[in-house]
Each structure stands twice: as structure tokens, then as C-alpha cells.
Amino acid sequence: MNIDHWLQNNTFHYSSFWDFRHLVEAKKEQGLTISLCIPTLNEENTIGKEIVIFKSELMSRYPLLDEIAVIDSGSTDNTREVAASYGADVYLASDILPEVGQKRGKGENLWKAIYQLKGDIIVYVDADIKNIHPRFAYGLVAPLIYRPEIKYVKAFYDRPLAFSQGIRPSGGGRVTEILVRPLFSLFFPELTAIVQPLSGEYAVRREVLEAIPFPIGYGVETSHLIDVYSKWGLGAFGQTDLDQRVHRNQATRDLGKMSFGILQTFLNRAKALNLMPQVPDLNSVLRQFQVKDGQFEHIEHHIVEEERPPMLDIPAYREKFHPNS
Amino acid sequence: MKFKDIKAQLADYRAAAEGMRDILLANTVMIGEIPAPTFYEDQRIRFIQDRLSECGLQNCSADEMGNGFGILNGSTGERNLLLVAHADTVFSEKVDHTISLLANRIMGPGVGDNSLGCATLVSLPILLERLGIQLKSNLILMADARSLGRGNLEGLRFFLNNHKEPIAGAVCMEGVKLGRLSYSSIGMLRAEVNVRVPEMYDWTRFGASGAVITLNDVINKINRIPLPKRPKTSIVLGSIEGGNSFNNIATHSVLRFEIRSESAEVVHDILAEIRDRITQVELESSADVAFDVVSRREPGGIDFRHPLVRHARDILKALNVEPRVAPSTSELAELIRHQIPAVTLGLSNGRKHAEQIEEVDIDPLFDGIAQLLGLLVAMDEGLCDEH
């Protein structure tokens, strides 16, 4: 598919979906159910507001969402209590599919949500958004409701506070521009059309979610894009401009760890797809340096990008969602 | 409907308010996160108008002063009741307006003063619909602009001066504090003293001192003014500003203060006294000392035994909330000036932290809304009219 054509037809701005009544009617006509999943780990300061906004605007006032669920990795603050007090369904990730065990990482929560939640569409929204607004959910879900051929909608954020000229750069964060976009340009040029491949907000049809594996760490977004692209092509994607997202900024050191995880995922995909058949076994230690009392010392981070298999491979899932197959 | 029937409904009103907790809180968050410093409330007012429109209200509009309205038509429409919450805040748009929701608290700049009041205003039509209440009177829902500070109630004043139909009664809503019951306005005057040292100032003359010392003289002279114990009177020195660094003599300084008294005459006398003393300082220092009255309220109000006040007290008692009677200098003063029976009610409990961040408790809000509904229904039934 031509990138320009895709950008023209599959890139949206959330404001074009302002007619909630129409959106809810279209959802009803198709008999769709929609679940909102918020993965959490110690987010007591922001989770209450997210739930209240989504519940008020997209459940009580306009019944777009059928469930709001928090999948928690084991917060040690009051995240689960706060979320429950505002009416979310709260699950501890380790309680879901206990027979497969528990791994640490956001991707684990996203993966287990596929089993736990009932929606035909699941929209994932991070819990650390300071300027939360209903658009973070409806802006991603709407293209799936109005365009049956779209299966996976990513968020991007593009609203400069001031810009004086007609042309301005538009893109993602540091890891996107320094690592992911160059990699995609080399190996999957069409995927460069996705403005912010690492954004944590996306809405996906169940038929896609259950069929793809889930890295549980930093590589989950990158692997999704490659896997969905390999299986369904660029036409299966949509992306929605949600204006601004205010969140915590990560330190460069943390971005180093993130890049290390993403690279592992990427190289493993490239090997599996025969794009780089000679990739050796990868080292799992990232070394970063610091100076203490005039001496350089290194810190070792063991980062292993483990993967969960497609949910369809899990017997309990097939029993719950495809009992007759 | 008799008053005892209304009191019997309070528990249902409370339950219905609690049942729409998510809508009330979401409105508080969304309104509170739109900056609305006095004179720049337009975005917040637009949001409030949109909310009222979505509820199907008629005549949702903004007037030329920037006030936002929606009218909930009554079944007979023979009378008009006014429910008002000021939309402006003291926070500049540069302040981070993020609102946080914790387990049973909501925090952020201006949450209590007055995002919660505005949120209750826009949530009320849904609540009335859920309870199956249709008022006989038209209910004018108003978020007024230009209320605070130099706004000096300009928005509400404009509306009351230009609204053609009579208003039978009004309720002003403030986020904090539940139990607050204001039915009278205190005499009040706010003023600013600006001291400027002229460019050609002779620094060699005896007593040359700069703007800070001159302002200090003004403050000392104001502090020496004797205040009567009855009628109750106070002078609050609210803020001072001046100078730029450690070692440069300040060329400009500002004092803002407020005189409050139960007597308009006392306010007038103190004002004259302050003017005299400032003139004396100006002559002695050769600095320019400008005196500017920013806003003024006349004392007045309805009686403690007025049916509106009596029923408001009874409703609070029925909800086990201790009434806190206190005079007001806000919207109520303008309503009193227009001889409209009115009270100001608080909606929940709360407190202020450093940097003026406000914190409001969520659970008491439902009592606050039950009291508001109870009083509105009583007003609609004519139970609060003075015969």
C-alpha cells in the first residue's frame, strides 16, 4: 500500500468523531462490545481521574464502553483500592490464568486482559496520563467502528503549542526517532507511516489480539506492529491524532533500557521473518556507567524480552471464547 | 408539596447524587482543568454551555459579559429561580491546572472555589431528570464571569441589571464548606495603594527612603486607626509587593487591603480616615501615593427568620449538618442589592494547602447536593416566600 494513500485515508483526528450519539448507534448496529483496559503499577495519583472521566463520559452519558478494567501488576500503593472505589473492575494480573504463572512487565497485563475482558474490541490506555480526556478512548475506538477493514488503531500526539512556519517536523519521542524509525526504514519502510509507533494507547479487534504473541516488556508495541503488518498489511492499521499527552518524562538511562528491550524484540522478529537469518544468540545484559568517588563503575541490567504466545494457544482461552472450535 | 415531604425526600436526593458520582467528579475535573482567571473565563464558560446544551436545556448562551446560561423550563414558568456559581478563579493560566482524584478527595487549584460549584450546576439537569423532578418555575442556571477581585461581580451585576423578568429567589453555590449559610452581605471595601518614586526624586533630601519605606509608613498609619468592636469591623492587609533586589532602592510598591464592617457608615468613616493618612504620607515623602478603590459592597440581606433561611437551616439539620452562618461579600451581595431573596450554600468540606492547592472531600458533597435540591424544591413550591 502506498504510504501517502494510507496517510490520507487511515489517519484521523479525534475531533472528527465528536458525534457520540452516532458513534454509539453505529456500535449498537454492529453488536460490538468494547472493553477499556488500563494496565497499572503504582498509579494511585492518576488512576482515579482516568476512571471517573471514562466512566462518566463513555459509559454513563454515552454507552460506548461496556467495561472498564484495571489490570494491576501488584501495586504497593493504593492503586487497586482507588480504582475500585471509582467503579472500575480491578484484577491482579497474577490472579488471571494462574496456571501460566506470572511474569513482570506491562505486556503481561495487556496479554492477560485478552482472556479476562469480554470486549470484541479492547482499547488500552496507560495510567500515567495527566491530561486525561475521553478522546483517549473514543478517538481510537471510532475508526474500528466506522471502518470494518481496520483492525488496529494507534494513537499519536501532535499539537505544537506554537509554530510560526507552514512546515514543521512531526514525530515521536527520542526512542522512536533514534531507534525505531531508522529500523523500520531499513526493514519495514511502510511502517514508518505510523507517526508514533511506541505510543501506549491503541484499540485492537479481538481477532487480532488473540492471534499475536506478546513480548511482556519494552518490545510489545514494536512486535505488534511487525506482526500485524506481516499478517494483515498496512491497510489493517489506523492512527488517530489525540492532540497533546502530558505524562512523566523518562530519563535517558531509562530510554537506554527501553531501546535494549526493543532491539531484542526487533532482531528476533527479523530473524523469524528471515530478514536477518544470521542473528546470533543475543546477550541479555545492558551495561551503563556511572562515576563514584572519581571511579567509573558499570551497572548491569539484565533485560530479557520474554514473550507470551498468541492467546489462541492457551486452552483456557479457547474454551472461554471459542468453545465450539 | 409540604416542607415535611421535602425533608422526607432528602435521603433519596442524596442517593441519586451519589449514584451520579462519576458525572459530578468528571465535570469537576474537566471544568477545573480549564484555566479561568477573572476576565479570561471564556473557554470554561463555553464548556459549561456545551454541557448544558447536551442536557437538552433551552437558551444555552453566553452574554456580552461572558456569563454562561442554560434555562430549565418549568411546567408553568410563572416564576424564575436563579442558581448561580462563579466560573472565574484566582489562578493564572500559567499555573498547572491538573486535578487529582484520590480515594475520597479531589485536589487541585480552584477545585473548591469554584469548580465544584460549576460542576454541580451542569450536573443538576441530569440529577433532576433521574429523580423525575420537574420544577414549576423556570430554573436559570448561571455560571457568572468577572466575579472575583477586580471583576467585582461585574458579570452578575450586568445580568441583574438587564434581565427583564423578575427573579423570585436565588441560590449561590460555593464548593466549600458544607453547612455554610450566608443570607446577608457585610459592608466591604477593597482598595490598592500604589507608591511610586518619581524619576526626578531628590534622594539627598531628608527622609528620602524609597517605595518600601513609604509603604511601610502607610501600613503603620492604617494600623493605628482605632476599630470599633460593635458593629464588628476589621481591616485585612492582604498583600504587599515592591522592589526587585537586595540592594536597589525600590521605586514602586503596592499594598492591597480590605475593610469589612457590619455598618456601611463605619466603612465610610474608615475610608475617609485612610485617605487622610495617605495624603499625609504622600506630602511628607514626596513620593506619588495613589489610592484606588477596587470594589465595594453595601451591607444588607434578608432576616435570619426569613422562610428561605429558616428552611435552609432546617434542611441542614435534617441532614445532620451544623449550619455555619456567616455574611458574604460575593454574588449574594449583588442579589441583595437587587432585593432578590437569596442565600449562599457550601457543597462539601475542604481545605487549602501550600501554593493554594485546594482539597475537597467527596462524600459530604452528596449531602451538599441533597440540601441544594431540597431548598430548590421548597423555593419552587413557594415555601420560601415571605408573606
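The values are calculated or read from the model by the stated rules, or taken from the named source; none is laboratory data. Every value quoted in this text rests on a predicted model; they were computed, and no experiment measured them. Backbone-built Cβ (ideal geometry, glycine too); neighbour counts: all protein chains shown.
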Pick from the range B:30-64, criterion charged (D, E, K, R) and crowded, with 19+ Cβ neighbours inside 10 Å, ranking: nearest to the other protein chains (Cβ to nearest Cβ): B:33
Candidates B:63, B:42, B:113, B:50 - the one that is under 17 Å from the mean Cα position of the chain (by Cα), assigned by TED's automatic domain parsing to the domain that holds residue B:171 and charged (D, E, K, R): B:113
Every pair of residues 6+ apart whose Cβ atoms lie under 9 Å, when the first sits in the range B:225-238 and is surrounded by 14 or more Cβ atoms within 10 Å (Cβ to Cβ) while the second is hydroxyl-bearing (Ser, Thr, Tyr) and not in a strand (DSSP E or B): B:231/B:263; B:232/B:263; B:233/B:263
Selection from the range B:348-387 of residues that are of a type in the set (A, V, I, L, M, F, W, C) and under 19 Å from the mean Cα position of the chain (by Cα): B:357, B:360, B:365, B:369, B:372
Matching entry among A:38, A:3, A:47 (being touching a helix residue (DSSP H, G or I) at 6+ places or on another chain (Cβ under 8 Å), crowded, with 24+ Cβ neighbours inside 10 Å and under 27 Å from residue A:194 (Cβ atoms)): A:38
When residues of the range A:53-90 are limited to those that are within 13 Å of chain B (Cβ to nearest Cβ) and among the polar types (S, T, N, Q), the one nearest to residue A:134 (Cα to Cα): A:56
Failed condition for residue B:2, given (1) at pLDDT below 95; (2) within 14 Å of another protein chain (Cβ to nearest Cβ): (2)
Set B:310, B:277: member being touching a helix residue (DSSP H, G or I) at 6+ places or on another chain (Cβ under 6 Å), basic (Lys, Arg), in a helix (DSSP H, G or I) and surrounded by fewer than 18 Cβ atoms within 10 Å (Cβ to Cβ): B:277
Residue A:221 vs. criteria surrounded by fewer than 20 Cβ atoms within 10 Å (Cβ to Cβ) and either modelled with pLDDT of 95 or more or charged (D, E, K, R) (or both): no
Some residue of the range B:76-92 being within 14 Å of chain A (Cβ to nearest Cβ), at pLDDT below 95 and assigned to a loop (DSSP other than H, G, I, E, B): no
Criterion (buried (at least 20 other Cβ atoms within 10 Å of the Cβ), polar (S, T, N, Q) and within 14 Å of chain A (Cβ to nearest Cβ)) met by exactly one of B:27, B:67: B:27
Options A:68, A:53, A:47, A:38; residue that is without any contact (Cβ under 8 Å) to a residue 40 or more places away in the chain and of a type in the set (Val, Ile, Thr): A:68
Some residue of the range A:17-36 being more than 12 Å from chain B (Cβ to nearest Cβ), β-branched (Val, Ile, Thr) and assigned to a helix (DSSP H, G or I): yes
Matching entry among B:311, B:252 (being of a type outside the set (Ser, Thr, Tyr) and free of Cβ contacts under 8 Å to residues at least 60 places away in the same chain): B:252
Residue A:96 being at pLDDT 95 or above, surrounded by fewer than 22 Cβ atoms within 10 Å (Cβ to Cβ) and either in contact with a His (Cβ under 8 Å, 6 or more places away or on another chain) or more than 14 Å from chain B (Cβ to nearest Cβ) (or both): yes
Flag if residue A:167 is at pLDDT below 95 and within 14 Å of chain B (Cβ to nearest Cβ): no
Residue among B:123, B:100 that alone is out of contact with any strand residue (DSSP E or B) (no Cβ under 9 Å at 6 or more places or on another chain), within 11 Å of chain A (Cβ to nearest Cβ) and not β-branched (Val, Ile, Thr): B:123
Residue list for the range A:8-46, restricted to those being modelled with pLDDT under 95 and of a type in the set (A, V, I, L, M): A:41
Within the range B:49-72, tally of residues that are hydrophobic (A, V, I, L, M, F, W, C) and under 12 Å from residue B:145 (Cα atoms): 3
Restricting the range B:322-332 to residues that are surrounded by fewer than 21 Cβ atoms within 10 Å (Cβ to Cβ) and of a type outside the set (Ser, Thr, Tyr), the residue that is farthest from the chain's Cα centre (by Cα): B:322
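Results for (1) in contact (Cβ under 8 Å) with a residue 40 or more places away in the chain; (2) in contact with a Phe, Trp or Tyr (Cβ under 9 Å, 6 or more places away or on another chain); (3) not in a loop (DSSP other than H, G, I, E, B), shown as yes or no for each residue.
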residue	(1), (2), (3)
B:339	no, no, no
B:343	yes, yes, yes
B:347	yes, no, yes
B:358	yes, no, yes
B:369	yes, yes, yes
B:373	yes, yes, yes
Number of the exception - residue A:102 against (1) in contact (Cβ under 8 Å) with a residue 12 or more places away in the chain; (2) more than 14 Å from every other protein chain (Cβ to nearest Cβ): (1)
Test for residue A:46: is it within 10 Å of chain B (Cβ to nearest Cβ) and not aromatic (Phe, Trp, Tyr): yes
